[in-house]
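The values are calculated or read from the model by the stated rules, or taken from the named source; none is laboratory data. What you see is a predicted model; the values in this text were computed from it and never measured. All Cβ positions, even for glycine, are placed from backbone atoms using ideal geometry, and neighbour counts span all protein chains on display. Ligands, DNA and RNA are excluded from the accessible area calculation, which covers all protein heavy atoms including side chains. Shrake-Rupley method; radii C 1.70, N 1.55, O 1.52, S 1.80 Å.
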Amino acid sequence: MTHAELLARHRTVLPNWVALYYDEPIEIVRGDGRRVTDGEGRTYLDFFAGILTNAIGYDVKEISDALRAQLDSGVVHTSTLYLIRQQIELAEKIAELSEIPNAKVFFANSGTEANETALMLATQYRRSNQVLALRNSYHGRGFGTVAITGNRGWSATSLRPFNVSYVHGAYRYRSPFRDLSDADYIKACVNDLREVIQTTTAGDVACMIAEPVQGVGGFSVPPDGLYGAFKKVLDEYGILFISDEVQTGWGRTGEHFWGIQAHGVTPDAMTFAKGLGNGLAIGGVVCSADLMDAISANSISTFGGNPLSTTAANATLKYLLDNDLQQNAAKLGDKIIGGLRDVAEAHPFVGDVRGKGLMIGVELVLPGDGSPNQAAAGKLLEATRERGLLVGKGGLYGNVLRMAPPMSLTEEEADEALDILRESIAVVDEEMK
Ligand SMILES: Cc1ncc(COP(=O)(O)O)c(C=O)c1O
């Protein structure tokens, strides 16, 4: 069965709104380390890692062995009606790592469910349905999470369970405040936040939710300290702050274990998913017991925190911490970002190279007026694939390349990817002249 035949079957039975990458979409059939092989036998270095989910890589012995042992026990699922030792162990570790005092953890199966849960908790706790979100955000595909997503391309409906107000700040490159210094940028965004609270809410807002580095929004990085400055204003009103760490958690940003730590603030709640299971479906919320126990009705996630996904998560966390992959993300992230900034100097259609650790974004523009260059992003996706590198795409206008390889990346692989990117950027620049 060729990719083309598989694609035809896919188009017949799967929704149109589940987008596929590439003019000729591929199936990934094998993985090893940071490399994957497609159904027609081509091998690639994977710099998107299942959308940041294969945090450590493919076929990691320590994780596969733990999963096999769990499978051999005969127990894949029991439900939360029974004690789940692996879930308790994982919750203990995450509670401690969160640095949130007196923390409890709830497990679900995805980032969407994690955020839906956090929103439920915050709105119940505060007895308010008002929420603050960031422009250009993405928080999931559920009814509540679409409502707080500030990106037209991912807003499937205008119906919403909350009154949502959007503030400036996370996406600096096209912000009206972009030319200000970091300190003045933060001041301008804080003023905007105050004005939004005063002019668009009743004051008793439940929470603000923010991604420390916007993922789908094109790996856009606000200045460090922005959310710390926001938190001071939120505290004046008793508004809770939720950090969506679905992409930024587990050390991926290099400098910190949680992305929000760059802002000098401990959030009231954090949500997580993606990388924690190194491919197995898991998500969750960590927050103080007070907030977690604000729900008085019964509520469960049947599959959430099941023995298999929590086994994978415990093994993934142990591997990440034992091998200090955060430090590796910091080192190789700097190398790749630095290398790409050098490349950008010779190619004006590369408008911005940004990121933290192994979350690296390249925003492509039309030289001259700087408007979004979606065509270049599409061409670069193809050009890198042809040369053996898988990367992602995103941003409000679909003009940002996104790279987030497994955090076990080696120096040689970083060099190999840089070579491919350098060549692809040069070829596409030439083609577009
Ligand atoms: C920051 C952020 N939050 C939430 C989600 C939703 O996660 P999921 O797709 O697992 O539901 C995503 C997915 O990309 C995300 O990037």
Next on the checklist: Based on this model, can you work out whether residue 119 counts as under 24 Å from residue 80 (Cα atoms), within 13 Å of the ligand (Cβ to nearest atom) and either among the polar types (S, T, N, Q) or open to solvent by less than 10 Å² (accessible area, probe 1.4 Å) (or both)?
Outcome noted: yes
Checklist entry - Does at least one position in segment 226-245 carry a residue that is at pLDDT 95 or above, away from the ligand (no atom under 12 Å from the Cβ) and part of a strand (DSSP E or B)? => result yes
Checklist entry - What is the number of the single condition among (1) under 26 Å from the mean Cα position of the chain (by Cα); (2) assigned to a loop (DSSP other than H, G, I, E, B) that residue 86 does not meet? => result (2)
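Quick grid of which residues meet (1) within 11 Å of the ligand (Cβ to nearest atom); (2) in contact (Cβ under 8 Å) with a residue 40 or more places away in the chain; (3) over 19 Å from residue 404 (Cα atoms); (4) among the acidic types (Asp, Glu):
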{"position": "248", "(1), (2), (3), (4)": "yes, yes, no, no"}
{"position": "254", "(1), (2), (3), (4)": "no, yes, no, no"}
{"position": "260", "(1), (2), (3), (4)": "no, yes, no, no"}
{"position": "266", "(1), (2), (3), (4)": "no, yes, yes, no"}
{"position": "270", "(1), (2), (3), (4)": "no, yes, yes, no"}
{"position": "273", "(1), (2), (3), (4)": "yes, yes, no, no"}
{"position": "291", "(1), (2), (3), (4)": "no, yes, yes, no"}
{"position": "296", "(1), (2), (3), (4)": "no, no, yes, no"}
Item to check | Residue pairs meeting the criteria (Cβ under 9 Å; at least 6 apart or on separate chains; first surrounded by 18 or more Cβ atoms within 10 Å (Cβ to Cβ), in segment 365-383; second part of a helix (DSSP H, G or I) and of a type in the set (Gly, Ala, Ser)) | outcome: 365/376; 379/424; 380/424; 383/424
Item to check | Residues of segment 188-218 satisfying the condition of being more than 16 Å from the ligand (Cβ to nearest atom), of a type outside the set (A, V, I, L, M) and in contact (Cβ under 8 Å) with a residue 12 or more places away in the chain | outcome: 189, 192, 194, 200, 201, 203, 204
Item to check | Single residue of segment 1-59 satisfying the filter (over 14 Å from residue 389 (Cα atoms) and among the polar types (S, T, N, Q)) that is most open to solvent (accessible area, probe 1.4 Å) | outcome: 16
Item to check | Single residue of segment 134-179 satisfying the filter (of a type in the set (A, V, I, L, M) and under 16 Å from the mean Cα position of the chain (by Cα)) that is surrounded by the fewest Cβ atoms within 10 Å (Cβ to Cβ) | outcome: 146
Checklist outcome for this item: With criteria (1) in contact with a helix residue (DSSP H, G or I) (Cβ under 8 Å, 6 or more places away or on another chain); (2) part of a loop (DSSP other than H, G, I, E, B), residue 376 comes up short on (2)
Checklist outcome for this item: For segment 224-262, the count of residues that are open to solvent by 10 Å² or more (accessible area, probe 1.4 Å) and either among the β-branched types (Val, Ile, Thr) or farther than 25 Å from residue 304 by Cα (or both) equals 15
Checklist outcome for this item: Taking segment 394-433 and keeping residues crowded, with 21+ Cβ neighbours inside 10 Å and charged (D, E, K, R) leaves 402
Checklist outcome for this item: Over segment 132-175, the set of residues within 12 Å of the ligand (Cβ to nearest atom), touching a strand residue (DSSP E or B) at 6+ places or on another chain (Cβ under 8 Å), of a type in the set (A, V, I, L, M, F, W, C) and in contact (Cβ under 8 Å) with a residue 60 or more places away in the chain is 133, 134, 148
Next on the checklist: Could you go through segment 305-321 and let me know if any residue there is more than 23 Å from the chain's Cα centre (by Cα), assigned to a helix (DSSP H, G or I) and under 30 Å from residue 64 (Cβ atoms).
Outcome noted: yes
Item to check | residue 129 among the polar types (S, T, N, Q), open to solvent by 30 Å² or more (accessible area, probe 1.4 Å) and within 16 Å of the ligand (Cβ to nearest atom) | outcome: no
Item to check | Residue list for segment 121-177, filter: more than 19 Å from residue 245 (Cα to Cα) and of a type in the set (S, T, N, Q) | outcome: 123, 124, 128, 129, 130, 155, 157, 158, 163, 165, 175
Checklist entry - Limited to segment 188-222, what total is found for residues that are under 18 Å from the mean Cα position of the chain (by Cα) and either open to solvent by 10 Å² or more (accessible area, probe 1.4 Å) or of a type in the set (D, E, K, R) (or both)? => result 3
Item to check | Residue satisfying all of: in segment 94-116; among the charged types (D, E, K, R) and away from the ligand (no atom under 15 Å from the Cβ); nearest to residue 163 (Cα to Cα) among these | outcome: 104
